[in-house]
1. Could you tell me whether F352 is outside any helix (DSSP H, G or I), out of contact with any Phe, Trp or Tyr (no Cβ under 6 Å at 6 or more places or on another chain) and farther than 19 Å from G398 by Cβ?
2. From the residues in the range 114-129 that are in contact with a helix residue (DSSP H, G or I) (Cβ under 7 Å, 6 or more places away or on another chain) and surrounded by 16 or more Cβ atoms within 10 Å (Cβ to Cβ), which one is farthest from Q13 (Cα to Cα)?
3. Could you check the range 203-236 and list, in sequence order, the residues that are aliphatic (A, V, I, L, M) and either at pLDDT below 95 or farther than 18 Å from K282 by Cα (or both)?
4. Give the residues of the range 241-272 that are under 18 Å from D333 (Cα atoms) and of a type outside the set (K, R), sorted by residue number.
5. Since D286 meets every condition but one in (1) among the charged types (D, E, K, R); (2) closer than 19 Å to L326 by Cα; (3) without any contact (Cβ under 8 Å) to a residue 12 or more places away in the chain, which condition does it not meet?
6. Take the range 361-410 and flag every residue that is in contact (Cβ under 8 Å) with a residue 40 or more places away in the chain and of a type in the set (S, T, N, Q).
7. Restricting attention to helices (runs of 4 or more DSSP H) lying wholly within the range 80-174, give those where 1 or more residues are over 17 Å from A184 (Cα atoms).
Amino acid sequence: MKTYLVGGAVRDQLLGYPSTENDWVVVGGSPEQMIDLGYSPVGQDFPVFINPKTGEEYALARTERKSGHGYQGFSFYTAPDITLEEDLIRRDLTINAMAQDSDGTLVDPYGGQRDLRAKVLRHISDAFVEDPLRVLRVARFAARYHHLGFTVADETMTLMTELVASGELKHLVAERVWKETDRALCERSPDIYIQVLRDCGALQILLPEVEKLFGIPQRADYHPEVDTGIHTLMSLQQAVKLSNSSKIRFSVLVHDLGKGITPDDVLPSHKGHEARGLPLVKDVCDRFKVPNEYRQLAMVVTEFHLLCHKAFELRPETILKLLKGLGALKSEDRLNEFLLCCEADARGRTGFEDRDYPSSDYLRRAREVAVQTDISDLVATGISGAEIGQQLSQRQIGALSELKQNYPNT
């Protein structure tokens, strides 16, 4: 029985890239041997075991055969006579099919090192098309390593396009699609994830609401880049500069979906796109079972981002209504997340990438003023219920009026 470090840990070690997980494959072993050594079995479809000391996963070498549709449509075979090379060839990309033994010797039967040097994401065999999830994985790796110069091999992009055309992506489980997308949003270049999916036709299948944005014009005086899809990708790039949060990046990705259904006769104007976008964002969140915290932020960003851009033009009453609508009076974090999304949107335009975004400081100050409004004297008089709420709002509006009069940029 021999154990090898495999996959991402080997790849990233060779790249000098940070890696947080180790995956191991065991050749020549049996489930009984692993249990006798104190490993705990966790796999249902094939034997996977947890190391009692490190908590890392050790999988017995296996082969696989397509037996149905989607990510789970495979049957597996594992036995002590399965070789390391047989286990590695079932993987997706050459750079993920390398292994390292306990002496540090590298096993690279399918040219992973060659493709690392060439900075190419290349499939190992035509069996690549048997797993539709690999389309998303390749797009995610492209997003991870784009800044290092990696691109998808032409022949791999061809296979991805064929896989999309086969209809296999429709069999993917929603949770798996979301997991890959969420992970991709955390990468260095999430805009590349969207672009690669678009290049192979997968975006139209998975996120048609985002696909529709490409080719939709906007007013050039507000958006010199004109194309709404390009603006969305540029906004994602800005979101990466502002935050590591995939929740914020997801909200930026979907904030303009309403522009995709603007009537042709009013283009390039998009008046009312915020309200039009809300049902579309809800559909995306429902379809992929997006976590509630992502959904909530995405909905308020979609609904209120234009008000944020126009903060200095808003009446104090509208400012208070905005803060309440965001839930900002109860949560400073919610306001800060919302403002980061709006700043990414504002900077995601040609020529605006390095502009200041004064709305953020103004609305943060507005929240402070509203939260610090004192009504202790009213409470002392015995006023309560709706009446005290009305009195509080009036005082907050008065305080916000004073802020507006004295604020430097208003």
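The values are calculated or read from the model by the stated rules, or taken from the named source; none is laboratory data. Predicted model only: the values in this text are computed from it and were never measured. Cβ coordinates were reconstructed from backbone atoms using ideal geometry, including for glycine residues, and neighbour counts include every protein chain displayed.
1. In short, yes.
2. If we take residues in the range 114-129 being in contact with a helix residue (DSSP H, G or I) (Cβ under 7 Å, 6 or more places away or on another chain) and surrounded by 16 or more Cβ atoms within 10 Å (Cβ to Cβ), then V129 is farthest from Q13 (Cα to Cα).
3. I216, A220, V226, I230, L233, M234, L236
4. L242, S243, N244, S245, S246, I248, F250, S251, V252
5. Checking D286 against (1) among the charged types (D, E, K, R); (2) closer than 19 Å to L326 by Cα; (3) without any contact (Cβ under 8 Å) to a residue 12 or more places away in the chain, the one that fails is (2).
6. Passing the criteria: S393, Q396, S401, N409, T410.
7. Details: elements: 84-88, 112-118, 133-145, 154-165.
Ranges flagged: 84-88, 112-118, 154-165.
Conditions tested, residue by residue: (1) exposed (fewer than 15 other Cβ atoms within 10 Å of the Cβ); (2) among the hydrophobic types (A, V, I, L, M, F, W, C); (3) modelled with pLDDT under 95.
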{"residue": "T373", "(1), (2), (3)": "no, no, yes"}
{"residue": "L378", "(1), (2), (3)": "no, yes, yes"}
{"residue": "T381", "(1), (2), (3)": "yes, no, yes"}
{"residue": "A386", "(1), (2), (3)": "yes, yes, yes"}
{"residue": "I397", "(1), (2), (3)": "no, yes, no"}
{"residue": "Q405", "(1), (2), (3)": "yes, no, yes"}
{"residue": "N409", "(1), (2), (3)": "yes, no, yes"}
